[in-house]
1. Arrange the peptides 203-209, 225-231, 427-433 so that the one whose residues have, on average, the most other Cβ atoms within 10 Å appears first.
2. What translational D, rounded to a whole number of µm²/s, comes out for the range 170-283 from Stokes-Einstein when the hydrodynamic radius is the Kirkwood one over Cα pairs, at 4 °C and 1.567 mPa s?
3. From the cross-link list 177/356; 66/112; 153/226; 97/226; 118/182; 239/356, which pairs have alpha carbons spaced over 19 Å apart?
4. If you compute volume of the Cα convex hull per residue in Å³ for the structure shown, which of (1) 169; (2) 228; (3) 145 do you land on?
5. Would you compute the Debye intensity of the range 127-195 from its alpha-carbon atoms alone, equal scatterers and no solvent, and pass along log10 I(q)/I(0) at q = 0.12, 0.16, 0.20, 0.23 Å⁻¹ to two decimals?
6. What distance in nm lies between label points placed 7 Å from Cα along the C-beta direction at residue 376 and residue 53?
7. Can you give me the relative contact order of the range 23-151 as a percent, contacts being Cα pairs under 8 Å and 6 or more apart?
8. Can you put 178, 353 in order of accessible area, largest first, using a 1.4 Å probe?
Amino acid sequence: FIFLFFYSNLFFSQNLYNPQQLYETPGGLFDEDSVREIYLDFYDPNYQNYLVNAWFYNPDERIPAKLTLNGEVYDSVGVRYKGNSTFCLPNDNNSPKVPYNIDMNYFIGGQKLLGYKKMKLANAWMDATFVKQIVSSNIYRRYLPTGESNIVKLYAQGNYVGAYVNDESINKQFLEKHFDEKSGPLFKCDNIDRFCDTANAPTAMPPNLYYMGDDTTLYYNSYDMKSDHGWQELVHLIKTIDLDFENIDSVLNVDRTLWAFAVNQVIQNLDCYNTYYIHNYYLYQTKDGLFQMIPWDLDNSFAGAIMGWDFWNPSNIYEYDPYYSGGPYTGPGGTPQPYEARPLLQKLLDNDHYRKIYTAHLRTIIEESLDTAIIRQNINNLQSLAHDAVDQDNNKVFSINEYYDNTENAIWASFGWGFGGIISTINERKIFLLNHPEISLTPPNID
């Protein structure tokens, strides 16, 4: 949209974010219209052992493979394994169904797949429905830039590996599409801690935006820089949050951040900054100097596996406090508990103005995006399309009955963990939020 502002004899135009104009066209790589078949043929027959070893000891290393889609062959694409728990769990069980990161132009410059340079294939290892990532991203993208996803079938060396969730990479292509620029500082906010092989691994500060000092090297283990520069800019953001919060709107797109926090809470994404584990988001600084929060890795939405349910009462999950701001935190001048701290979240929610905006966003999302009839139709379309791909996937964790049942209801797996159902979580969460003493207040009339 372009809005024109008139003042005396002058007028100014402002380009406003319209997410519905920025997502995939029919037939595009992330369109939900079909389940594409991706074939990878590695030149090294020992590729699995090589890539597993690289994941542990040289995680950025890629090896070449031939990729085929719709009969078209792409030579020498760069492939590596990705993920953390979703790599460790299948790998520890000797399953070949680990997540993939495919770079189309790693060895051959300019090579793209249906216009994209990268594919990130998530294995849905802890999502019986295969659609939590997709359904949740369809909600997030109504309020802030979010990657797209769909379901594909993956073959390696001619053998069917299984059904995967094809996630859009948060890279320069994504930035250019959503911000009309791509040269600013970009950080993936995940620390170096690993789910497996942790005997000798250091414990790093989570990416909680906690100020540890001006030395940029103090942040290297907590944030992963994806751009050519940006450490000083990131530390300036963190320092402003912790020591100069009254100027937060000069370094952070506060409203978009509040939208991200609100969606996280409404749809029970329990694996992000303002819920349980502090990670799974990107930060990008646009040319106006503001950092933008970008959600990532949404498969634990709708009360996913992250809480286990083996030691939690489900009502404790559905009634997760939307204003929870982490463990005790007093800032650098007091007695901080840095590993539990969420200084950005705490300070936003302690500010009466920002708290009211956040509350209004919660109401908007509940009213606009929790229509179970619409969500159920989206799920039915996706799962009907992917039924054969999932049914034939002999490497999946859950049964085909659980594939359908977990969309409506919580399920308890044979290994003792529970997984929230999409519809049951929405229904329970909506009841709790609408009766919350702050959210249930009558909002003002605006005219």
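The values are calculated or read from the model by the stated rules, or taken from the named source; none is laboratory data. All values reported here derive from a predicted model rather than from experimental measurement. No Cβ is skipped: glycine too gets one built from the backbone with ideal geometry, and neighbour counts run over all protein chains shown. Keep in mind that these areas ignore ligands, DNA and RNA; they rest on the heavy atoms of the full protein, side chains included. Shrake-Rupley method; radii C 1.70, N 1.55, O 1.52, S 1.80 Å.
1. Answer by packing, highest mean first, reads 203-209, 427-433, 225-231.
2. Translational diffusion coefficient: 84 µm²/s.
3. Table pairs above 19 Å Cα-Cα are 177/356; 153/226; 97/226; 239/356.
4. Label of the calculated value: (1).
5. The Debye formula, applied to the Cα set alone, gives -0.47, -0.79, -1.01, -1.08.
6. Distance between label points: 5.3 nm.
7. Averaging sequence separation for qualifying contacts and normalising by length gives 22 percent for the range 23-151.
8. From most exposed to least exposed: 353, 178.
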